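The values are calculated or read from the model by the stated rules, or taken from the named source; none is laboratory data. Values in this document were obtained by computation on a predicted structure and should not be read as measured data. No Cβ is skipped: glycine too gets one built from the backbone with ideal geometry, and neighbour counts run over all protein chains shown.
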């Protein structure tokens, strides 16, 4: 089992992209200002070069005017006023990057007259933003629940931290307790930060999240021994969970909470994160239990050290990148 856990951690580390910025997306905001007139604003994350700023191709029934671009400490922006011959709902908007998509998901917030604000998420491979017809809106709770699940599965650094906790906790009971501690802690700071009751520098938080993975990697490389991490992994999970909650909140601020149904959106986003996280831990433990039936090998310690070094090296890279970017 030790060998398998180490191998899984090693695979996760090697599969991780060289850059992990808590899934900072391309953000698109569409606001209906008058009948068939829409203010369309989109933004690249500040850590992405402005040359990657895409164009949004309006549907054939719309004409784009007042084209403006600018950059500020929040990112690289472009804005247009679209005047259309019919409602934008039910149409489609093409996202056209100058070259290839630099690995960005897309978050779109839609505010149409007489409707609740909608939030849509596209994966990096998706190039068309389909605007739902009025009767197709899923509602705030479902929208943010889906966004939470999709975010945790795209957040490789958070998943790598959960994988490290699973490696250290090992048994179903200890993993359940440890992940619960992580959940309670990051739920608290997610709520405080998303509601703007507490605000910390995003860059420092992201670097600290990477440092938390380095910490687990060192523990894994050194192996089981009489330390707090191995005796009480729930304490470590809860402590670092506070940091990860601020990271989740930074992404939620990028998405934006609706003015109506704010508490519902926050709860749904957090539940989506927990659902995705729980599914990941369950699949990991089930795979461990299944493969563990095939016996053991004498190379478990070597695999564990390699996994620890691989995870630690990548996390160190993330940490320094986030500090100097």
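Among the candidates 102, 98, 124, the residue that is assigned to a loop (DSSP other than H, G, I, E, B) and under 30 Å from residue 215 (Cα atoms) is uniquely 102. The residues of the range 186-208 that are over 17 Å from the mean Cα position of the chain (by Cα) and within 21 Å of residue 275 (Cα to Cα), listed by number, are 188, 192. Per the conditions (1) surrounded by fewer than 16 Cβ atoms within 10 Å (Cβ to Cβ); (2) closer than 18 Å to residue 283 by Cβ, the sole criterion not satisfied by residue 201 is (2). The number of residues in the range 127-146 being within 16 Å of residue 272 (Cα to Cα) and either at pLDDT below 80 or outside any helix (DSSP H, G or I) (or both) comes to 4.
In this structure, does residue 187 turn out to be part of a helix (DSSP H, G or I), on the phi < 0 side of the Ramachandran plot, in contact with a helix residue (DSSP H, G or I) (Cβ under 9 Å, 6 or more places away or on another chain) and surrounded by fewer than 18 Cβ atoms within 10 Å (Cβ to Cβ)? When the stated conditions are applied, residue 187 does not pass them. Whenever a residue of the range 268-296 is not assigned by TED's automatic domain parsing to the domain that holds residue 176 and surrounded by fewer than 21 Cβ atoms within 10 Å (Cβ to Cβ), it has no partner that is in a helix (DSSP H, G or I) and at pLDDT below 80 lying with C-beta atoms less than 7 angstrom away and at least six residues away or across chains. Considering the range 50-81, the residues that are surrounded by fewer than 19 Cβ atoms within 10 Å (Cβ to Cβ), assigned to a loop (DSSP other than H, G, I, E, B) and touching a residue at least 24 places away in the same chain (Cβ under 8 Å) include one that is farthest from the chain's Cα centre (by Cα), namely 61.
Here residue 213 fulfils each of the conditions (1) buried (at least 21 other Cβ atoms within 10 Å of the Cβ); (2) closer than 14 Å to residue 274 by Cα apart from (2). With respect to the conditions (1) at pLDDT below 80; (2) in contact with a helix residue (DSSP H, G or I) (Cβ under 7 Å, 6 or more places away or on another chain); (3) on the phi < 0 side of the Ramachandran plot, residue 259 falls short on a single one, namely (2).
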